[in-house]
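A.B. asks: Handing you this structure, nothing more for now.
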Amino acid sequence: MFFETQEPTGKTAIKTLKKSFSLFLIFIFSLLSIPGCASRKEAGKTTTITVWHWMTDRNSAFQELAKKYEAKSGVKVNFELYAPSDAYSQKVRAAAQGANLPDIFGILGEKRDFASFIKAGYILDLTPYMDENSSAWRNKFFAKALAVDEFAEGNSYGINSGAYGVPIDIMTIQMVYNKTLFKQMGLNPRRPPQTFTEFLDLGKKIKEAKLQGLVSGWGEPWMINCLANNFAFNIMGKDKVLATIRGEVPYTDPDWITVLGLFKQMQDSGMLASGIVTMINKTAEQLFANQKAVFAFNGSWCVNVYRAMNPGLDYAVMLPPAASEKFPVSIWGGAGSSFMVNAKSKNKGEAVKFLQWFTDCDQQVYLAQNTSNPPANKDALNKISPVLAQFADDMERTTHPNAWSISESPRVLETFDKGIQSIIIGERTPEQIASQVRQIKEKELAKKIK
Amino acid sequence: MKVKDTLENYMFILPAVTIFALFYIIPFIWVFQLGLYEWDGILPTKTFVGLGNFREILLDKIWWGAMFNAGYITLIALTFQNALAFLLAWACDREIRMKNFYRLVFFLPPVLSEVVVGLAWQWILDGNYGLLNHWLTNLGLASLARNWLSDPATALNTVAIVHSWKGFGWGFLIFLAGLQTIPRTLRSRTRRRSRCLGFFPQDHYPADGARGGISGYTHCPGDDAGICFNYRYDQRRAGVSYAGAGVKDFGFYAWFIAFRLCLCARDYLWFNVGGDIFYSIPLLQQGAEHLKKR
Amino acid sequence: MRTIAYYKSKKIVLNIIIHLFLVAVTITCLFPLFWMISSSLKTQQTIFKDMSLIPKELHFENYILAWKEGGFGRYSLNSIFYATAVVIGIIIIASLAAYAFSRFKFPGRNFLFFMFMAAMMIPIPGSFVPLYVLLNKLHLRNTALGYILCMVSVGLSTSIFLLKTFFDKLPRELEDAARIDGCSKFGIWWHVALPLAKPVLAVVVVFNALNVWNEYVLALVVFDNKNLMPLQRALMMFQGEFLTDYPLLMAGLTITALPIIIVYLLMQKYIVKGVTSGALFG
């Protein structure tokens, strides 16, 4: 039953095996060479610029602009989308290892990573292009947006000062509030809470109305850090915050304990939504879009999200409430997304030209209208929707860690952020967290000295 | 003659060993080597720190917390998951009606994409608007309603249960296959000695390396992506996202290797503790043959 | 003395309990599937407002939209190709190796097997970048062959283990008979061992097909050429950085889940039937 045919002897058996295995390989090779042939034919005489990005919702707008550019200049622009953003980061890093980066790409992450890419020689210095024609290109941008892609004189990363990327939109992170729910609770929708005390007082009213107060993606530590940092700037000013990062001021300073205490106060007043410390931002956005929460702490990208989820949502933008009169309220903002040019690309010149066209007024307006992201080009401001304009209005108040000359160590940040999470759920007190953070900070400083 | 024989033997394992050496050994050595350096993944230069990274890991409380949580989930998976799989297989084995239907249904969780699983369970377990709390309230058991994923008291267990839910399908399949091969006559005569049968390594941690090690992640890949929502609790409590949230050093691969060792020890245990179902199939066949001959 | 009625009612009660248990677990298993399908028939606005399992309006066009926008045609062909290639590759390579480990004695046998087991326990952390660099060096980056080889290596250890334990307990009589009749080692492997291993092979097929089908990040890192991307890429098109198109995503997920369910349906028969068939009794 199993061996009707006589099997050949050992040697020929090995031969047949080798044959079948190599046939298998040949089969595979031939299949994959088919697309290979096709793509080789395409690589003709026109210059092609390849752009890698992660912005799924803007992909079609990008493709449209690419077509426009090709019609105008004859240069083909290939926008390649790699989503989600984490996978995109991996791809860029892997490609850097293999020196396979495209002509234009973006870097997601912190300034430190940006600096590393520059040091490794992958990023083209755009300063000369920015400065030509008496800084024509540079002046188009909001200064704060460009600052995110610039390195200042004497920065702690060891990079020569200059601009190494261009912003294609701006972003600010503020609070939004639901006007309909305000009216429901008998509050004036045109007058959101200005001070922290006013904000806390609303907590009671919200509880009575059986609504959720503030939602935000505080399951993601950086979002907590953002608001904490806003409070810190408000309470002690930028200089003291930066001094703390440098190690000159300890985290157990009373001002820092006040900052941490604000979160406890928010929790005690009932203002924070239930489950906020494990909430991802998408959930927070859903809740706000479905009118289940009165406030949200979110960035300007939310305009697009809310529009898709609930076009009828009636909401407006407000600054985080001021906890102190000493210093102005500050918010995070700056470039939303940026593009950089590969220093090792063969089409550097064309790539830069394309980016100059891309950040020009008309294209920026097009992008803003189609993707609901505030433009990076100042001149495009008066042509965008009111809510977007509200987000963009406060650009002057913005700051961003990527625009500072120094950055806090990740372990300190993590202890700080997770510490606030435990304050909110009542596991720890602000004083305990402050001393914990101080310990870690001292360890990190000691490492640096070594 | 003997040499030719041995060469023939090697021919059998040659493709496997070649691929293995190329695609596992070499990257593994490379990654392990990195554990001895401090590197952010981009710069052309690395700093040699020897065993410093390992020492740092072992002294890290958050890491040990993560280990504990992983161990706990493992324990639940080992006991609860396998028990559930076996009970279901046994129940299905008895029921002739709808057996094929159940066989299909119980294998759905492993098949479903993690995105769906994550979203669906998030929706069910949400503390404010979730279905579970909704049904409990309707049944008059509102006091049992909790913030399942946020409440420190329930979160770890909830994650463990959902994790078990995703995985029991494999065990069920194998147990059922094994049970079905036992002829009816044999069952009534022999006490089933094939106890605690082995389990299938169903360890699909989404984007393994992505979740753990490589720099540039500020949160679990794909906000919506499935099982990651489970580990959101871990992230908060035990710092599984430790390597993710801003820790860029490749040096922490050492940490991640250790973490994975812990999880994979679980798989290993599954194979060793208790025989394999596939051990028992031919054994039982032999047994049946003996019985026939008698 | 217990009456027949007692035994009968005991049986009925037991049956009811078993049924309830099965039904309860079935509901938890089916629920995400139903939720996925019903969500795919809603719109972006209603998806979180409408809590019912059966939506008020059925938007079947979501499937067509998802297919078009996601570019499912090309990507599913790719995924099917990769899954098939990887499964065939693993079946051949793993069963050869497993058979050798099980039956033959040669120097280094235990050591090599132990290495494979270790690989099963310790996957490479953050393997994507090292694999990328390796493929780059081998000039296999951005090629289907490179990806297939990577996926084969990923599934190799487990498959070898499963097959070896099966072969270990396989009675040698048949193989001895074959050898007496003049069959070579390869012949025995091909004609005797493999057909008997059908149930295990079925499990190996399902396991590896599922792995390849759901894999995404490695494909993204290895491939630059869009035309080589697998199915999961189409799904990622619906997940934006800030905004996810849930109905289309759910439609896409439903489309993606179907082939694997079909594969499972085909294979599950083998897993049970193959074992009970007359191979040894006939």
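The values are calculated or read from the model by the stated rules, or taken from the named source; none is laboratory data. No experiment lies behind these values; they were computed from the predicted model shown. Neighbour counts are summed over all protein chains in view; Cβ atoms, including those assigned to glycine, are modelled from backbone coordinates with ideal geometry.
A.B. asks: Could you say which residue among B:Ile57, B:Ile76 is under 24 Å from the mean Cα position of the chain (by Cα), of a type outside the set (D, E, K, R) and under 30 Å from A:Lys119 (Cα atoms)? Reasoning before the result, please.
C.D. replies: On the way: B:Ile76 fails: under 30 Å from A:Lys119 (Cα atoms).
Matching residue, one of B:Ile57, B:Ile76: B:Ile57.
A.B. asks: A further question follows. List every residue pair whose Cβ atoms lie under 7 Å apart, where the two residues are 6 or more positions apart in sequence or sit on different chains, the first residue falls within region A:107-134 and is away from every other protein chain (no Cβ under 12 Å) and without any contact (Cβ under 8 Å) to a residue 60 or more places away in the chain, and the second residue, located anywhere, is of a type in the set (A, V, I, L, M, F, W, C) and buried (at least 18 other Cβ atoms within 10 Å of the Cβ).
C.D. replies: A:Thr127/A:Ala163; A:Met130/A:Trp137; A:Met130/A:Ala163
A.B. asks: Identify, from the list C:Asp245, C:Asp224, the residue that is among the acidic types (Asp, Glu), under 17 Å from A:His53 (Cβ atoms), touching a residue at least 24 places away in the same chain (Cβ under 8 Å) and within 9 Å of chain A (Cβ to nearest Cβ). Can you show your working first?
C.D. replies: Working: C:Asp245 fails: under 17 Å from A:His53 (Cβ atoms).
Sole residue among the options that is among the acidic types (Asp, Glu), under 17 Å from A:His53 (Cβ atoms), touching a residue at least 24 places away in the same chain (Cβ under 8 Å) and within 9 Å of chain A (Cβ to nearest Cβ): C:Asp224.
A.B. asks: Do we have A:Ala308 as of a type in the set (Gly, Ala, Ser) and either closer than 21 Å to A:Phe196 by Cα or not assigned by TED's automatic domain parsing to the domain that holds A:Leu181 (or both) here?
C.D. replies: Details: of a type in the set (Gly, Ala, Ser): yes; either closer than 21 Å to A:Phe196 by Cα or not assigned by TED's automatic domain parsing to the domain that holds A:Leu181 (or both): no.
For A:Ala308, the condition - of a type in the set (Gly, Ala, Ser) and either closer than 21 Å to A:Phe196 by Cα or not assigned by TED's automatic domain parsing to the domain that holds A:Leu181 (or both) - is not met.
A.B. asks: On the basis of being touching a residue at least 40 places away in the same chain (Cβ under 8 Å) and not in a helix (DSSP H, G or I), does A:Asn373 make the cut? Talk me through it step by step, then tell me what you get.
C.D. replies: Working: touching a residue at least 40 places away in the same chain (Cβ under 8 Å): yes; not in a helix (DSSP H, G or I): yes.
Yes, satisfied.
A.B. asks: C:Glu175 versus (1) facing chain B (nearest Cβ under 9 Å); (2) buried (at least 20 other Cβ atoms within 10 Å of the Cβ); (3) acidic (Asp, Glu): which is the lone unmet condition?
C.D. replies: If we test C:Glu175 against (1) facing chain B (nearest Cβ under 9 Å); (2) buried (at least 20 other Cβ atoms within 10 Å of the Cβ); (3) acidic (Asp, Glu), just (1) comes out false.
A.B. asks: Could you please find all residues in region A:330-351 being hydrophobic (A, V, I, L, M, F, W, C) and assigned to a helix (DSSP H, G or I)?
C.D. replies: Going through region A:330-351, the residues hydrophobic (A, V, I, L, M, F, W, C) turn out to be A:331-332, A:335, A:339-341, A:343, A:351.
A:Ala351, the sole residue that qualifies.
A.B. asks: Would it be correct to say that A:Thr399 is surrounded by fewer than 22 Cβ atoms within 10 Å (Cβ to Cβ) and outside the structural domain of A:Ala145 (by TED's automatic domain parsing)? It would help to see each step written out before you state the result.
C.D. replies: Working: surrounded by fewer than 22 Cβ atoms within 10 Å (Cβ to Cβ): yes; outside the structural domain of A:Ala145 (by TED's automatic domain parsing): yes.
For A:Thr399, the condition - surrounded by fewer than 22 Cβ atoms within 10 Å (Cβ to Cβ) and outside the structural domain of A:Ala145 (by TED's automatic domain parsing) - is met.
A.B. asks: Can you list the helices (runs of 4 or more DSSP H) found entirely within region B:66-119 that contain at least 2 residues being more than 7 Å from chain C (Cβ to nearest Cβ)? Before the answer, list the steps.
C.D. replies: On the way: elements: B:82-94, B:99-106, B:108-111.
Passing ranges, in order: B:82-94, B:99-106.
A.B. asks: Could you please find all residues in region C:147-169 being within 23 Å of B:Gln33 (Cβ to Cβ) and either more than 10 Å from chain B (Cβ to nearest Cβ) or in contact with a Leu (Cβ under 6 Å, 6 or more places away or on another chain) (or both)?
C.D. replies: C:Cys150
A.B. asks: Check region C:183-196 and report whether any residue there is closer than 30 Å to C:Tyr63 by Cα, without any contact (Cβ under 8 Å) to a residue 40 or more places away in the chain and more than 7 Å from chain A (Cβ to nearest Cβ). Reasoning before the result, please.
C.D. replies: Narrowing region C:183-196 to residues closer than 30 Å to C:Tyr63 by Cα: none.
No, that holds for no residue.
Let's see how each residue does on (1) at pLDDT below 85; (2) over 20 Å from C:Ile255 (Cβ atoms):
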site	(1), (2)
C:Trp35	yes, no
C:Lys56	yes, yes
C:Phe60	no, no
C:Ile64	no, no
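A.B. asks: In region A:70-111, which residues are part of a helix (DSSP H, G or I) and surrounded by fewer than 19 Cβ atoms within 10 Å (Cβ to Cβ)?
C.D. replies: Residues of region A:70-111 that are part of a helix (DSSP H, G or I), as a first pass: A:70-73, A:85-97, A:111.
A:Glu70, A:Ala71, A:Lys72, A:Ser73, A:Gln97, listed by residue number.
A.B. asks: Of the residues A:Glu427, A:Glu414, which single one is farther than 17 Å from A:Ile168 by Cβ, within 14 Å of chain B (Cβ to nearest Cβ) and part of a helix (DSSP H, G or I)? Walk me through it before giving the result.
C.D. replies: Working: A:Glu427 fails: part of a helix (DSSP H, G or I).
Within the list A:Glu427, A:Glu414, the selection yields A:Glu414.
A.B. asks: Considering only residues that are surrounded by 15 or more Cβ atoms within 10 Å (Cβ to Cβ) and either basic (Lys, Arg) or facing another protein chain (nearest Cβ under 7 Å) (or both), look in region C:102-114 and name the one that is nearest to the chain's Cα centre (by Cα). Walk me through it before giving the result.
C.D. replies: First pass over region C:102-114, keeping only residues surrounded by 15 or more Cβ atoms within 10 Å (Cβ to Cβ): C:102-104, C:106, C:109, C:112-113.
With the extra rule that they be either basic (Lys, Arg) or facing another protein chain (nearest Cβ under 7 Å) (or both), the set shrinks to C:103-104, C:106, C:109, C:112.
Details: C:Arg103: 27, C:Phe104: 29, C:Phe106: 32, C:Arg109: 28, C:Leu112: 26 Å.
Step by step, filter region C:102-114, then rank; the result is C:Leu112.
A.B. asks: Among the residues of region C:253-262, what is the count of those that are more than 9 Å from chain B (Cβ to nearest Cβ) and farther than 21 Å from C:Met236 by Cβ?
C.D. replies: Total satisfying the criteria: 1.
A.B. asks: Would you call A:Asp103 among the acidic types (Asp, Glu), over 26 Å from A:Phe391 (Cα atoms) and touching a residue at least 60 places away in the same chain (Cβ under 8 Å)? Lay out the reasoning, then the answer.
C.D. replies: On the way: among the acidic types (Asp, Glu): yes; over 26 Å from A:Phe391 (Cα atoms): yes; touching a residue at least 60 places away in the same chain (Cβ under 8 Å): yes.
For A:Asp103, the condition - among the acidic types (Asp, Glu), over 26 Å from A:Phe391 (Cα atoms) and touching a residue at least 60 places away in the same chain (Cβ under 8 Å) - is met.
A.B. asks: Moving on. Just the residues that are surrounded by fewer than 18 Cβ atoms within 10 Å (Cβ to Cβ), touching a residue at least 24 places away in the same chain (Cβ under 8 Å) and either within 18 Å of A:Ser156 (Cα to Cα) or among the β-branched types (Val, Ile, Thr) (or both), please, taken from region A:426-450.
C.D. replies: Of everything in region A:426-450, those that are surrounded by fewer than 18 Cβ atoms within 10 Å (Cβ to Cβ), touching a residue at least 24 places away in the same chain (Cβ under 8 Å) and either within 18 Å of A:Ser156 (Cα to Cα) or among the β-branched types (Val, Ile, Thr) (or both) turn out to be A:Thr429, A:Glu444, A:Leu445.
A.B. asks: Out of (1) within 14 Å of chain B (Cβ to nearest Cβ); (2) within 21 Å of A:Gly162 (Cα to Cα); (3) outside any helix (DSSP H, G or I), what's the single condition that is false for A:Asn402?
C.D. replies: Result: A:Asn402 fails condition (3) only.
A.B. asks: Something else about it: Yes or no: region A:140-149 includes at least one residue that is out of contact with any helix residue (DSSP H, G or I) (no Cβ under 8 Å at 6 or more places or on another chain), assigned to a helix (DSSP H, G or I) and either more than 30 Å from A:Glu325 (Cβ to Cβ) or hydrophobic (A, V, I, L, M, F, W, C) (or both).
C.D. replies: yes
A.B. asks: Exactly one condition in (1) among the hydroxyl-bearing types (Ser, Thr, Tyr); (2) in the same structural domain as A:Phe62 (by TED's automatic domain parsing); (3) modelled with pLDDT of 90 or more is not met by A:Ser422; state its number.
C.D. replies: (2)
A.B. asks: Please go through region C:71-97 and pick out each residue that is assigned to a helix (DSSP H, G or I) and away from chain B (no Cβ under 14 Å).
C.D. replies: To start, the set of residues in region C:71-97 that are assigned to a helix (DSSP H, G or I) comprises C:72-97.
Hits for region C:71-97 are C:Phe72, C:Gly73, C:Arg74, C:Tyr75, C:Ser76, C:Leu77, C:Asn78, C:Ile80, C:Phe81, C:Tyr82, C:Thr84, C:Val87.
A.B. asks: Going through A:Val148, A:Val166 one at a time, which residue ends up being at pLDDT 90 or above and surrounded by 20 or more Cβ atoms within 10 Å (Cβ to Cβ)? Steps first, answer last, please.
C.D. replies: Values: A:Val148 fails: at pLDDT 90 or above.
So the residue among A:Val148, A:Val166 that is at pLDDT 90 or above and surrounded by 20 or more Cβ atoms within 10 Å (Cβ to Cβ) is A:Val166.
A.B. asks: Moving to a separate point now. What are the residues in region A:263-306 that are within 11 Å of another protein chain (Cβ to nearest Cβ), in contact with a Leu (Cβ under 8 Å, 6 or more places away or on another chain), hydrophobic (A, V, I, L, M, F, W, C) and not in a loop (DSSP other than H, G, I, E, B), if any?
C.D. replies: Matches in region A:263-306: A:Ile276, A:Ala289, A:Ala293, A:Val303, A:Val305.
A.B. asks: Do you know which residues across region C:132-149 are surrounded by 20 or more Cβ atoms within 10 Å (Cβ to Cβ) and either β-branched (Val, Ile, Thr) or in contact with a Ser or Thr (Cβ under 9 Å, 6 or more places away or on another chain) (or both)?
C.D. replies: Within region C:132-149, C:Leu135, C:Thr143, C:Ile148 meet the criteria.
Residues are listed down the side, and each one gets a yes or a no for (1) without any contact (Cβ under 8 Å) to a residue 12 or more places away in the chain; (2) surrounded by 23 or more Cβ atoms within 10 Å (Cβ to Cβ); (3) of a type outside the set (Gly, Ala, Ser); (4) at positive phi:
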site: A:Pro254; (1), (2), (3), (4): yes, no, yes, no
site: A:Lys282; (1), (2), (3), (4): no, no, yes, no
site: A:Lys292; (1), (2), (3), (4): no, no, yes, no
site: A:Phe297; (1), (2), (3), (4): no, yes, yes, no
site: A:Gly312; (1), (2), (3), (4): yes, no, no, no
site: A:Tyr315; (1), (2), (3), (4): no, yes, yes, no
site: A:Ala343; (1), (2), (3), (4): no, no, no, no
site: A:Lys348; (1), (2), (3), (4): no, no, yes, no
site: A:Lys353; (1), (2), (3), (4): no, no, yes, no
